[in-house]
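Novice: There's a structure below that I have some questions on.
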Amino acid sequence: MNVNPHISLDVQSAASPPRAVKVRARNVDVFYGDKQALFDVSLDVPERSVTALIGPSGCGKSTFLRCINRMNDTIVGARVEGTIELDGEDVNDRGLDPVLLRARVGMVFQKPNPFPKSIYENVAYGPRIHGLATSKSELDGIVETSLKRAGLWKEVSDRLHQSGSGLSGGQQQRLVIARAIAVKPEVILMDEPSSALDPIASARIEELMDELREEYTIVIVTHSMAQAARVSQKTAFFHLGKLIEAGPTDEIFTNPRDSRTQDYITGRFG
Ligand code: ADP
Ligand code: MG
């Protein structure tokens, strides 16, 4: 047993090094027409870790997620106020091209949505339009690396030119993750990425998140508190459009400060 307090302190700090803030949201309000969906939300998302957004249905989790890569721009009548910074850069700056932003901040939805194209083309599409490869062999390399990182390569390497829609739901979701990874994103947003999958495919996605966080900043919306507790290092609890509290996942689940968080995690509503 280690009885030297200095050593144990070192071990502790090595196990959980402080993380820089990758996404900084300040005083974010979102309106859909006259209806306000988010109220004064301020949240820091640490880099290279998983941050989980939890809370009852309709509390604004997806709305907040969409602020980070400006997907709310695509919703008629949606209006965002406040600031969201990615590495200190205002994502709503008029000079910032949303297409480039969405390559830096990729998104994975609940229902796997591969393009109606081959497995290869699903992954190659983004790098091609963003000019990330100068030759066919370079593009092949990106496709292979992305599929490997998404944990799908072994299952599809012999059928890259078959349709992505022929894959199982869990494989399709990993294909969509490979497609996001292929354009070298910094942040990956996942909106209930495993809630349409069976438990085994869902567990595979959770393992993948745990691997991907070494390299990427991940923000996941989940209605499963068990999943949030398993995969995330930071948890933010939303209720009725407000961020009630956020902090290290183990603290939120074992020692929440707000009675509404306590009520939610103990299943009293939600
Ligand atoms: P969650 O993801 O936590 O279930 P949402 O962010 O989807 O919550 O929704 C927050 C609130 O905003 C809800 O009241 C919802 O009805 C409303 N809302 C979400 N999307 C739209 C939209 N496109 N148009 C109008 N209202 C919306
Ligand atoms: Mg949602």
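Novice: Where both residues lie in the chain, what percent of DSSP beta bridges are antiparallel, nearest 5?
Specialist: Approximately 60 percent, going by the DSSP bridge assignments.
Novice: In whole percent, what relative contact order does the chain give with Cα contacts below 8 Å and a gap of six or more residues?
Specialist: Answer for the chain is 26 percent.
Novice: Suppose each label sits 7 Å from its Cα in the direction of the beta carbon; what would the residue 90-residue 163 distance come out to in nanometres?
Specialist: 4.6 nm
Novice: With each run of n ≥ 4 DSSP H residues scored as -39500 (n - 2.57), what mean residue ellipticity at 222 nm is computed for the chain after dividing by its residue count and rounding to the nearest 500 deg cm²/dmol?
Specialist: After summing the helix terms and dividing by the residues of the chain, the value is -11000 deg cm²/dmol.
Novice: Which order do the peptides 221-233, 242-254 come out in when sorted by mean C-beta neighbours inside 10 angstrom, highest first?
Specialist: 221-233, 242-254
Novice: How big is the chain by the Kirkwood estimate over distinct Cα pairs, in Å?
Specialist: About 19.6 Å for the chain.
Novice: While we're here: Under a point spin-label approximation (7 Å from Cα along Cα-to-Cβ), what is the residue 242-residue 111 distance to one decimal in nm?
Specialist: According to this spin-label approximation, the distance is 3.4 nm.
Novice: On to the next question. Between residue 257 and residue 207, what is 0.36 nm times their sequence separation minus the Cα-Cα distance? Round to one decimal in nm.
Specialist: Roughly 15.1 nm would be gained on extension.
Novice: So for each of 52-64, 134-146, 110-122 I average, over its residues, the number of other beta carbons within 10 Å; can you give me the resulting order with the highest mean first?
Specialist: Most protected by this proxy first, the peptides run 52-64, 110-122, 134-146.
Novice: Given a Förster radius of 51 Å and the C-beta distance between residue 32 and residue 148 as r, what FRET efficiency does 1/(1 + (r/R0)^6) yield to the nearest 0.05?
Specialist: The calculated FRET efficiency here is 0.80.
Readers should treat all values here as calculations from the given coordinates under stated rules, not as data from a laboratory. The model shown is predicted, which means the values in this text are computed figures rather than measured ones. Positions of Cβ are backbone-derived with ideal geometry, glycine not excepted, and every protein chain shown enters the neighbour counts.
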